[in-house]
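The block underneath contains the structure these notes are about, expressed in structure tokens.
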Amino acid sequence: GDDEQLDYENHEAALITEFMAALDDWDAALPDDVIDFYMQRAGFDTDDVRLKRLLALAAQKFLTDVSSDALLYAKIRQAKEKAKGKRVVLTVDDLSNALQEYGVDVCKPAYFADSSSAGLDSANAGAATA
């Protein structure tokens, strides 16, 4: 009844307090200065280190998920291409496909430096010039 609900709420509150305290000692992959920069660009300013670390944790989770998905797309692509070698090469298309799952559309520019419209022959674009 009411006692069980109160115990559950107290347990939840204790877990949240413990988690927030752990953020004080957590070393984020994204430095606080980077988080500060993007928070400021979004119009949000706070001195609460725990909130900054919580945002850094969410950003790190997002980057990890996207990277993992992009790796899966690369492995699938290379399996279809029957690519030789064990080295996995990520492409912009792999990253674009992974980001699309999270609602982020990546658009390629209208032209590339190695395209015929740029005046370079794409077959010789990578060749060194004398």
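Taken together, the values in this text are just the output of simple stated rules run on the coordinates, not laboratory data. All values derive from a computational prediction rather than experimental measurement. Please note: Cβ atoms are built from the backbone with ideal geometry, for glycine as well, and neighbour counts cover all protein chains shown.
What dipole magnitude, in Debye to the nearest 20, does the range 1-60 give about its Cα centre under +1 on Lys/Arg Cβ and -1 on Asp/Glu Cβ?
520 debye
So which trypsin sites (Lys or Arg not before Pro) in the range 55-107 end up in coil per DSSP with only 13 or fewer other C-beta atoms within 10 Å? Please list the in-between numbers first.
On the way: sites: 61, 75, 77, 80, 82, 84, 86, 87; in loops: 82, 84, 86, 87.
Sites meeting the loop and neighbour criteria: 82, 84, 86, 87.
With R₀ set to 35 Å, the beta-carbon distance separating residue 83 from residue 25 gives a calculated FRET efficiency near 0.20.
In the range 54-108, one over the average inverse separation of all distinct C-alpha pairs is 12.0 Å, which is the Kirkwood hydrodynamic radius. Gyration tensor over the Cα atoms of the range 1-111: the corresponding equivalent ellipsoid has semi-axes (square roots of 5 times the eigenvalues, largest first) of 38, 21, 14 Å.
Between residue 48 and residue 33, the contour length at 0.36 nm per residue exceeds the Cα-Cα span by 4.1 nm. Along the range 52-68 the Karplus relation, 6.51 cos²θ - 1.76 cosθ + 1.60 evaluated at θ = phi - 60°, assigns HN-Hα couplings of 4, 5, 5, 5, 5, 5, 5, 5, 5, 4, 4, 4, 5, 5, 5, 4, 5 Hz to successive residues, with x for each Gly and Pro.
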